[in-house]
1. Using only Cα atoms, locate the centre of the range 162-204 and the centre of the range 255-328, then give the distance between them in Å, rounded to an integer.
2. Among the aspartates and glutamates, select those whose C-alpha is under 17 Å from the C-alpha of Lys435, and discard any that sit fewer than 8 residues away in the same chain.
3. Give the lysines whose C-alpha is closer than 16 Å to that of Lys112, dropping any in the same chain fewer than 8 places away, or say none.
4. Taking every DSSP beta bridge with both residues inside the chain, roughly what % is antiparallel (nearest 5)?
5. Name the cysteines of the chain that stand alone by the Cβ rule: no other cysteine Cβ under 4.7 angstrom.
6. Can you give the accessible area per residue of the chain, in Å², using a 1.4 Å probe?
7. State the extension gain, in nm to one decimal, for the chain segment bounded by Lys455 and Lys43, taking 0.36 nm per residue of separation less the distance between their alpha-carbons.
8. Counting helices only, and only those DSSP H runs with n ≥ 4, report the 222 nm mean residue ellipticity of the chain as the sum of -39,500 (n - 2.57) divided by its residues, in deg cm²/dmol to the nearest 500.
Amino acid sequence: MKFDHTDISNGHGIDFIDEPLINSLIDENIEEDPVLCREIFAKSKSKQPFNLQDTAALIAIRSEGLLHELFETARELKREIYGKRIVLFAPLYVGNHCVNDCKYCGFRRSAKGTVRKTLTKEELVKEIYNLEDLGHKRLILVFGESPKYTPEFIADCVRICYSTKKGNGEIRRVNINAAPLDIEGYRTVKSAGIGTFQVFQETYHRETYARYHPANDIKGDYMWRLNAMDRAFMGGIDDMGIGVLFGLYDWRFELLSLVSHSIHLQDRYGVGPHTISFPRIQPAQDMNLPLPYRVTDEQFKKLVAILRLAVPYTGLIMTARESEEIRDQVMEFGVSQIDAGTRLEIGGYQNRDREQELSREQFRVGDTRNLDDVIHWLLKNEFIPSFCTSCYRVGRTGEHFMEYAIPGFIKKFCTPNAMLTLAEYLEDYATPETKEAGYSVIEKNLQSMEESEQKQKILSKLEAIKTGKRDLLF
C-alpha cells in the first residue's frame, strides 16, 4: 500500500485526534436512542468497523434492557469471529530503569523506594526457563524508557528468548512493550523476529497528557508518542498494539480516541491495530494522586463490549490488573487475550512464592492465580485456552491477516491451532484435574465440527501430540 511518509519522517507528525469532534459527539449523545442503537447492533453483523458516530451512540446507552442487548451483541460477535478460544501470554519485565516521571507509574524516576534492576543475560535465561517450566509459549517483554534499553538491546533479548529451550518448552512468540522508537529502531527490533510492538498513548486528551507527563521528559512529547505506530509501519512492523490507561481522563473520550486511532491506521496503511489494551489504573509505589475519572466496573464492562463491536477484528487484551471476579464477568463480552500467572517484579518468575511488593513492581496485580489455575477456570467456562503462534510464524500478519479475517477464519485456523497448543500443555504441564477438563473441552469442540478432511487432520495431529510430537499447526 502506498502512502506519503514525509509528514511523519520530517518530525511534524499527524494529529488524528479531533478533540472538538470527540467532545461534540459526547455532548450530542447524552440520551440513549434505542432505535438508532438497534440499527447499529444490526450493522455490527456485517463485521465492519464502526465510525465515531456509531461508537458515540452506543456510549449513550443507560437502560438495563439496552445494556443487555449491547452485551449479547458483543458476545455473539466475539463467538462468531474468535470462537471460544482465549490466547494466553506472560509479561516478562526485563528492566525498570526509566528517565520519565509519569505521575501514575511505580517505575517513574522520582518514585521513592522503587528497587531498580535490569536483568543480565543469565538472569533473563533463568526467567525464560521458569516460564517454560510453567508451559508458557508467548511472552511480552517490558522495558522502561532508558538509554540502557536500545533497539539493539531489545533485539538481543528477543533472540535470547527464542533460543532458550528447556525440555518441550520453547518461546514461540515474543511481543514488545517499550518506548516509541525511530524508524531505524523499529527495523532493528523487527529483525529479531518480534510479534506485536505495543505502545500505549496512556491518555489521548492533550491537557491531561501534559498533566501526567512532564514536558521536559521524553514521554512529554505527545506527538512523538501519538505517531509511534506510524513509524513502526515505516520500519516494517505491521503488527502493533495500542491502548489507554483508563482512569486518567473521561473514559468516553478515551474510547472514541482509541477508535479514532484504529480508523487512522486502517485508512492510512490498510491495517488496523492487531490488539487494543484497556488497563485501569491501579495502586503503584509512592503514588498518591486524585483520580476523579476512575472507571467503575459497570463502565468497564460497557466499554469492552463497545470496543468489541467498534473494531471487530482487533484482539482485545484484558490484563491481570483486573480481579478474578471482573475478568470472569467481562471475558464473554469481547476479550480474546489475557495474561496468566503474572509476575511484574524484575526476576519475579524465579521468586513466584514471594508476596507482591509494590517497591519492585510497576503496579498492583489484581489476578494472582497461577497459569494452571487460570487455564482450569477457562476450561470450566468452556473456553479453549490457546498458546497459538501460527499466524505470525507463517506470515499471516498485517494486510495478509486482514484478508483471512473473514467468517471462516476461526474454523480454518484459530480453533484447530488452539486445540493443538492446549493439548501440548495438557500433556506436558497440566495438573491431572486440568488435563481431564482440557480433553473434555477439546472433545466437545470436535463433536461440534462437521466431518471433513480438516477434522481428520486435527484428530491425527492430536494423536501425534500424545505420542510426543510438538509444534504441529495449521
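The values are calculated or read from the model by the stated rules, or taken from the named source; none is laboratory data. Quick caveat, the model's predicted, so the values are computed rather than measured. With ideal geometry, Cβ positions are generated from the backbone for all residues, glycine too; neighbour counts draw on all protein chains shown. Note: areas computed on protein heavy atoms with side chains; ligands, DNA, RNA excluded. Shrake-Rupley method; radii C 1.70, N 1.55, O 1.52, S 1.80 Å.
1. That distance is 20 Å.
2. Hits, sequence-local ones excluded: Asp133, Asp372, Asp373, Glu382, Glu424, Glu427, Glu443, Glu463.
3. Lys103
4. Bridges in the chain that DSSP calls antiparallel: roughly 5 percent.
5. Singleton cysteines: Cys37, Cys98, Cys157, Cys161, Cys388, Cys391, Cys414.
6. With all protein chains present, the chain gives 39 Å² per residue.
7. Stretched fully, the Lys455-Lys43 segment lengthens by 145.1 nm.
8. Only helices count here, giving -13500 deg cm²/dmol.
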